[in-house]
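Input: a single structure, listed below in C-alpha cells.
Values in this text are rule-based calculations from the coordinates and carry no lab data. None of these values were measured; they are calculated from a predicted model. Counting neighbours? That spans all protein chains shown, and the Cβs are built from the backbone with ideal geometry, glycine included.
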Amino acid sequence: MSARLIIASNRIALPGAPKPGGLAVALADALAERGGGIWFGWSGEVVERETRGVRLFAEGLVEYAVADLTPEEYEGYYLGYSNRALWPVFHYRVDLAHFDEADFAAYEHVNRRFARLLVQFTRPDDVVWVHDYHLMLMGQEMRASGWDGRMGFFLHIPFPAPEIFSALPQHQRLARGLCSYDLIGFQTNRDTANFRRYLIENAGAVVEDARTLRVFDRSVRIETFSIGIDPDEFAELAESREGRAAAERLGKITENRALVIGVDRMDYSKGLPQRMEAFGRVLDDHVELRGDVSFVQIAPPSREAVDAYQMLREQLDQLAGRINADYADLDWMPIRYLARSYGRGSLAGLYRLARVGLVTPLMDGMNLVAKEFIAAQHPDDPGALVLSEFAGAAEQLPAAILVNPHDIAAMADAIFRALSMPIEERRERWQSLIANVREQDIAWWRRAFLASLDDTQT
Ligand code: GDG
C-alpha cells in the first residue's frame, strides 16, 4: 500500500459544498485513490480571535482539517503578501506590486502556524503535497517543526524570469524555503527553466542530473507537470440540461450571429482590456461583421479588496461601455460583458455554442478555460481557439491560433481568422487539441506528480 497522502492548500473544497472546480475534485480523488488522507487549509473564514486548532470534517476516506484566519492574517498574508506582492510579481507586474515588510511577516507567520498545525497530524511514512504561492514557506516551517518525511510543492502560477523574481525583497528567503521540498513542480518548462536558472545563478546550485539540483545542502528535484482537466466531464456538461438551457437562452438573443466567448476571473493577468480592444478593432476593420458577431465575456469579480482589481473593474466597465456605444444598434449589442459567475454546466453549454474561444492572458500559469473550451466542443462542428502565447497551455496546444496579447492588431486578425476558418480546418485543429487535453488530463497530472514524489530520495 502506498503512503498516506496529506494535501495542504490555501482554500479547501469542504465536504457537502459543491466542488468549485476540477482541481478540487482532482485533489479529493488523489486522496481517495491513496486509500485516504488529509486535506488541510484555510476555512475561508475570518474570525476576530485566533482559533487555536483546526476543525475536522470527514467524507469517505478523506479527512478535512481547516483553520480560520484572523483579520490581521487575512489582510497581511492573503490580501497583502500573497495577492499584492507575489501574484503581481509572478505575473510580471512588478509595477503593481506592493512590498511591505509587515505583510511578509504575516505571510511567514501564517505559513508557520499552518505548518505547526499540520505536523501534529502527520505520521512518519506520510507524503505531504503543498499547493501554490500562498504556502511556499510551509515546507520549511514543517521541517523546522521536525517533519522529515517526503514533501512536494506545486506552483499553479508562473515562475518568472530570475530578474523579475529578484525584485521581491524576500526572494532569497522564498527560494531557500522552496528548496525544503523534495520535489518542486511547475506548470511549464518555461517555469522550470526559470527556477533552475535562478538557483544556479543566485544560490550556487550545482546540477546533479537532468531534474535534480544540489542546493542549500540538499538535493531538490524540479520538474514540469502541466495541469489538465477532466475532458469527459466537460463534454457531458455541454450536453447536460443546464448546458443546453444556457446555450438556448443566449442563442435566442444572438440568433444566428457568430458567437465569440471569453471566461475569466476578473484579473489583470487575463488581458481583458486588450481583448475588448481587439474585438473593437475587428469591428473597425470589418464593416461586414457589424451586426453579425457577438462577443460574450463572463468575468466574475475576484479579490475586490485589492486596489488593482478595483481599477481593472472600472477600466473594463468603461471600455465595454464605449465599444457598445460606438457600435451597438437597435437589435444588436457587440459585447455582452457579464461581471458575474455562472455554473460549470452553463459555461460548458456556452463554450459549445461559441464559434470562437478567446483565451488571451498577458501571463498565466496554465489556463484551464482553454482546455475546458476544447473539451466542450462538438467534434463535427468545433469552435476555434485563439490562445495567448503567454498562457502555460500554449506549450501543449500549438494547434490553437497563437497570439501575442499585447499586439492588438494581431489579435484582431486572429479573431477574424478564427471567425472565418473553414470547417475542415477547425476539425483538423480540434483533433490535435483534444488529443492533448485527453492525454495530459487531470488524473495524469496528479499521478505523475505523486509518482515522482514517491521516487525522490529522502
Ligand atoms: C490558477 C492559475 C492555472 C471561471 N469563471 C467561472 C468559473 N471559472 C472557472 C473556470 C476554470 C477556473 O475557474 C479558472 O481556472 P484558470 O486556470 O483559467 O485560471 P485561475 O483561476 O487564474 O487559476 C492558472 C490554475 O490555477 C490551475 O492550476 O491554470 O494559470 O492562475 O475552471 O471554468 N467557474 C464557474 N463559474 C464562473 O463564472 N463555475
Study note, to complete from the structure: With only helices counted (DSSP H, runs n ≥ 4, each -39500 (n - 2.57)), the per-residue ellipticity at 222 nm for the chain, to the nearest 500, works out to -12500 deg cm²/dmol
Study note, to complete from the structure: The summed charge of the GLU395 Cβ neighbourhood (under 12 Å; Lys/Arg +1, Asp/Glu -1) stands at -2
Point to revise | Solvent-free Debye scattering, log10 I(q)/I(0), computed from the Cα coordinates of the range 388-458 at q = 0.25 Å⁻¹ | key: -1.13
Exercise for review: Please order GLU424, GLU73 by the number of other Cβ within 10 Å, starting at the fewest.
Suggested key: GLU424, GLU73
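Evaluate the range 121-276: find the radius of gyration of its Cα atoms, find its Kirkwood radius, and give the ratio Rg to Rh.
The Rg/Rh ratio comes out at 1.13.
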Practice item. Would you work out which of ALA399, ALA161, PHE295 lies farthest towards the positive end of the dipole of the chain, given +1 charges on the beta-carbon of Lys and Arg and -1 on that of Asp and Glu, about the Cα centre? Key: ALA161
Check your understanding: To the nearest 20 debye, what charge dipole does the chain have about its Cα centre, counting +1 at the Cβ of each Lys and Arg and -1 at the Cβ of each Asp and Glu?
Key -> 600
**Study point:** Mean-position separation - Cα centroids, the range 284-327 and the range 194-223, in angstrom
**Key:** 43
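Hull surface divided by four, with the convex hull built on the Cα atoms of the range 193-299: how many nm²?
Details: hull surface 46.6 nm².
Projected area, direction-averaged: 11.7 nm².
Which number do you get for Rg(Cα) / (2.2 N^0.38 Å) in the chain? Please report the intermediate quantities before stating the final value.
Numbers: Rg = 22.4 Å, N = 458, 2.2 N^0.38 = 22.6 Å.
So the chain has a normalised radius of gyration of 0.99.
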Review point. If you rank ARG344, ARG241 by fewest surrounding Cβ atoms within 10 Å, what's the result?
Key: ARG241, ARG344
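From the P(r) of the range 102-198, could you give the percentage of C-alpha pairs in the tail past 18 Å? Each step should come with its number before you reach the end.
On the way: 2071 of 4656 pairs.
Percentage above 18 Å: 44.
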Revision key, fill the gap. Taking R0 as 41 Å and r as the Cβ-Cβ distance between ILE200 and ASP125, the FRET efficiency 1/(1 + (r/R0)^6), rounded to the nearest 0.05, comes to 0.80
Practice item. Distance between Cα centroids, the range 93-171 to the range 232-273: provide it in whole Å. Key: 36
Review point. What's the extension gain from VAL47 to TRP444 if we count 0.36 nm per residue and subtract their Cα-Cα distance?
Key: 139.1 nm
Review point. Which FRET efficiency value, to the nearest 0.05, is calculated for ARG55 and ALA339 with the Förster distance at 35 angstrom and r the Cβ-Cβ distance?
Key: 0.60
Point to revise | Distance between modelled label sites at ARG322 and ALA451, nm, 7 Å Cα→Cβ extension | key: 5.1
**Study point:** ALA245 paired with SER219, simple spin-label distance in nm, labels 7 Å along Cα-to-beta-carbon
**Key:** 5.6
**Study point:** Between the range 424-438 and the range 346-394, the Cα center-to-center distance that results, in Å
**Key:** 12
**Study point:** Dipole of the chain [Lys/Arg +1, Asp/Glu -1 at C-beta], most positive-end residue of SER269, MET333, THR212
**Key:** THR212
Exercise for review: Describe numerically, in nm with one decimal, the distance between label points set 7 Å from Cα along Cα→Cβ at VAL25 and at LEU330.
Suggested key: 4.6
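Can you classify the range 315-458 as rounded, prolate or oblate using the Cα gyration tensor, where a ≥ b ≥ c are the square roots of its eigenvalues, rounded means a/c under 1.5, and otherwise it's prolate if a/b beats b/c and oblate if not?
Cα axes put the range 315-458 in the prolate bin.
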Point to revise | Residues listed by number, the range 228-269, amide nitrogen under 17 Å from HIS98 label point at 7 Å toward C-beta | key: 267-269
Check your understanding: Using alpha carbon coordinates only, what is the Rg to Rh ratio of the range 173-214, with Rh defined as the Kirkwood radius?
Key -> 0.91
Exercise for review: With a/c under 1.5 counting as rounded, go ahead and sort the range 231-439 into rounded, prolate or oblate using the C-alpha gyration tensor (a ≥ b ≥ c being the square roots of the eigenvalues; past the cut-off, prolate if a/b is larger than b/c, else oblate).
Suggested key: rounded
Exercise for review: Report the one residue of GLY185, GLY228, HIS378 whose Cα lies farthest in the direction of the positive end of the charge dipole of the chain (charges on C-beta: Lys and Arg +1, Asp and Glu -1; origin at the Cα centre).
Suggested key: GLY185
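Relative to the Cα centre, what is the charge dipole magnitude of the range 110-216, using +1 at the beta carbon of each Lys and Arg, -1 at the beta carbon of each Asp and Glu, and rounding to the nearest 20 debye?
240
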